[in-house]
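Encoded as C-alpha cells, the structure appears first; notes follow it.
The values are calculated or read from the model by the stated rules, or taken from the named source; none is laboratory data. Given the structure is predicted, the values throughout are model-derived calculations rather than measurements. FYI the Cβ positions are ideal-geometry reconstructions off the backbone, even for glycines, and counts take in every protein chain you see.
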Amino acid sequence: MSVLAPPVRRSRAPARGFLAADDVLAAAGTGDDPSGVSVFLCGPAPMVAAFVRRLRRAGVPSRQIHREHFDWR
C-alpha cells in the first residue's frame, strides 16, 4: 500500500495479513468523506473487483478509481 502519508505503526513487528479497502481508506485519512481520494489498483481481478465495490460503496467516485490489468501466463 502506498499513501501520501506514512502509516502510524504501534509495533515494530512487520504487518501481516491481507490488505482491505477499509485499510486504504483509513490510511488516506478521508474520514467520512472519501469523495476526494484517488485510488490506483493493481492485482488479481477478484481482488480489484472487491476493492472497487467497497470503494464505490464508501463514496469514492468511479472516475477516481484507476486500475491496471494484468494476467499471469
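Is it the case that region 45-62 has a residue that's at pLDDT below 85 and loosely packed, with under 13 Cβ neighbours inside 10 Å? Looking for residues that are at pLDDT below 85 and loosely packed, with under 13 Cβ neighbours inside 10 Å, one finds none in region 45-62, hence no.
Within region 23-44, restricting attention to residues that are in contact with a strand residue (DSSP E or B) (Cβ under 6 Å, 6 or more places away or on another chain) and either exposed (fewer than 15 other Cβ atoms within 10 Å of the Cβ) or in a helix (DSSP H, G or I) (or both), the residue that is modelled with the highest pLDDT is F40.
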